[in-house]
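What follows is a short report on a single structure.
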Amino acid sequence: MSAAPVSDSLALIDLAGAEFRLVDPRAPHLRVDDLAPHRGDGIFETVLVTRLAGADHLHARELHFSRFRASAAMLDLPAPDPTLWHAALDAVIADHRERRGDDEAFTVRYSMSRGLAEASGWVLSIPLDAKYPGQRAHGIDVITLDKGFPAYVGQSAPWMLIGAKTLSYATNQAAARWAASQGVDDVIFLSHDGRVLEGPTANVVIRRGGELLTPDPKAGLLHGTTQQTIFAHAAEAGLLCSYTDLTVDDLTAADGVWLTSSARISVPLNTLDGEELRRDPELSEQMLAWVLGG
Ligand code: PLP
């Protein structure tokens with residue numbers, strides 16, 4: 001697997017003082033006994049930044065921030081102050097652009113940790129993975145993996161933090177390595193009782209005739225901002241958009257299957273568990289235009 005990309009810009013957030021400061025991302029800032037590196041006890045968002053009409057645009061800003069606020073509430077972390085966090089995001093975006101001096105798209109990741117005595121936060125710019133443009137153009141091969149719990153597990157086990165975007169991503173990372181070891185590009189998790197859930201870092205969207213479908217977040221997955229943006233535009237364009245239970249058979253019978261996320265936007269699947277899938281290049285293009293348009 002490729003090494004983690006190097007960050008250009010970092011803001012540390014002083015939650016108690018309601019202020020932030022830009023610091024050198026290559027210098028050490030986090031104690032090893034902070035509960036983020038120690039336990040993955042925290043939350044984060046990854047957002048896409050592109051040049052739009054000559055200015056930097058942070059895509060789906062409000063959708064991301066409201067999910068961040070919901071994640072904080074689920075983990076009993078302090079409610080994030082929008083003025084403070086948005087100011088830190090804008091400062092990191094401006095600093096990254098100044099350092100890079102180019103027009104390339106990139107991502108910004110913002111996180112809150114339970115910290116030590118009190119919660120802490122930071123905002124970090126991260127270059128985009130170079131493999132995504134090729135995947136968008138040519139599609140990917142994916143296998144399914146059993147996530148090991150039944151669909152809608154959150155109803156009987158609310159402590160599992162279903163729907164929160166937490167920093168506990170070790171199993172998501174392991175699934176990506178598993179995909180590489182099997183010679184494929186990514187995985188789709190299934191519930192133990194056979195419902196389609198999501199990828200390790202992406203949602204699943206399918207087209208069936210004039211409908212776009214995606215699994216219900218309550219089945220045990222993250223409610224994606226990219227999927228929501230695509231659904232909003234698709235509904236305006238006359239497609240019927242619904243959250244529903246899906247099986248592998250629904251995916252193999254679909255007129256198109258995509259993985260969607262802020263960083264990759266939307267990537268069409270070529271095969272699932274070795275079976276050829278139908279492709280819809282026109283809708284793939286349309287999805288990119290919807291997301292990149294604002
Ligand atoms: N599901 C998981 C587990 C994710 O980590 C992500 C994004 O990282 C998504 C879905 C897609 O969410 P979004 O479109 O908001 O980036």
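The values are calculated or read from the model by the stated rules, or taken from the named source; none is laboratory data. On a predicted model such as this, the values are computed, not experimentally measured, just so you know. For neighbour counting, all protein chains shown are included, and Cβ atoms are generated from backbone atoms with ideal geometry for every residue, glycine included. SASA here: full protein model, heavy atoms, side chains in, ligands and nucleic acids out. Shrake-Rupley method; radii C 1.70, N 1.55, O 1.52, S 1.80 Å.
Between the residues Gly194, Ser7, Leu277, the greatest Cα displacement towards the positive end of the dipole of the chain, with unit charges on the Cβ of Lys, Arg, Asp and Glu, is found for Ser7. Look at the alpha carbon pairs under 8 Å that are at least 6 residues apart: their mean separation over the length of the stretch 135-294 gives a relative contact order of 27 percent.
Each residue was assigned an accessible area with a 1.4 Å probe, and for Glu282 the value is about 150 Å². Around Arg278, under 12 Å between beta carbons, what's the net of Lys plus Arg minus Asp minus Glu among the other residues? Taking every other residue near Arg278 into account, the sum is -1. Within the listed set Pro158, Pro200, Pro28, the Gaussian network model of the chain (springs between alpha-carbon atoms below 10 Å) gives the highest mean-square fluctuation for Pro28.
Projected label points at Asp81 and Asn270, each 7 Å from Cα along the beta carbon direction, are separated by 5.1 nanometres. Among Thr247, Thr225, Thr214, determine the one that fluctuates most according to a GNM of the chain built with springs between C-alpha atoms less than 10 Å apart. With Cα springs under 10 Å in the chain, the top fluctuation among Thr247, Thr225, Thr214 is at Thr247.
Note on the chain: with charges restricted to the Cβ of Lys and Arg (+1) and Asp and Glu (-1), its dipole about the Cα centre is near 360 debye. Less than 12 Å Cβ to Cβ from Leu288, Lys/Arg counted +1 and Asp/Glu -1: what total charge do the surrounding residues give? Once all neighbours under 12 Å are counted, the net charge is 0. Would you mind checking the stretch 122-137 for residues with the amide N under 16 Å from a putative spin-label position 7 Å along Cα→C-beta of Asp102? Once the point is set 7 Å along Cα→Cβ of Asp102, 125-134 turn out to lie under 16 Å by backbone N, inside the stretch 122-137.
Could you size up the charge dipole of the stretch 153-294 around its Cα centre, putting +1 on the beta carbon of Lys and Arg and -1 on that of Asp and Glu, and report it in debye to the nearest 20?
For the stretch 153-294, the charge dipole is close to 480 debye.
So what's the angle, to the nearest 10 degrees on a 0 to 90 scale, between helix 225-236 and the longest Cα principal axis of the chain? Result, in degrees: 50.
A cut-off under 9 angstrom between Cβ atoms defines the neighbours of Phe68, and their net charge, with Lys, Arg +1 and Asp, Glu -1, is +2.
Simple point charges give the picture: +1 on the Cβ of Lys and Arg, -1 on the Cβ of Asp and Glu, and for the stretch 30-117 a dipole about the Cα centre of about 160 debye. Sequence-ordered 3J(HN,Hα) estimates for the stretch 9-20 from the Karplus curve with 6.51, -1.76 and 1.60 and θ = phi - 60° stand at 9, 9, 10, 9, 10, 9, 5, 5, x, 6, 9, 9 Hz, glycine and proline given as x. Amide H to amide H distances under 5 Å link Thr50 with His57, His59, where only residues 5 or more positions off or on other chains count and H is placed in the peptide plane. Taking θ as phi - 60° and the Karplus parameters 6.51, -1.76 and 1.60, the scalar couplings of the stretch 129-143 work out to 5, 5, 7, 5, x, x, 5, 5, 6, 10, x, 9, 9, 9, 10 Hz in sequence order, x denoting glycine and proline.
Out of Gln135, Gln182, Gln227, any idea which swings most in a Gaussian network model of the chain, alpha carbons joined below 10 Å? Sorting by GNM fluctuation, first place goes to Gln182. Using a probe of 1.4 Å on the protein chains alone, the accessible area found for Leu124 is around 40 Å².
Taking the alpha-carbon distance from Lys218 and a cut-off under 29 Å, which lysines remain once sequence neighbours fewer than 8 residues away in the same chain are dropped? Lys218 reaches Lys147, Lys165.
For the pair the stretch 87-138 and the stretch 225-254, the centres of their Cα atoms are 28 angstrom apart. Shown in residue order for the stretch 82-93 are the 3J(HN,Hα) couplings computed by the Karplus curve 6.51 cos²θ - 1.76 cosθ + 1.60 at θ = phi - 60°: x, 4, 5, 5, 5, 5, 5, 4, 5, 5, 5, 4 Hz (x for Gly and Pro). Computed from Cα atoms, the angle from the helix 170-181 axis to the main principal axis of the chain rounds to 50 degrees.
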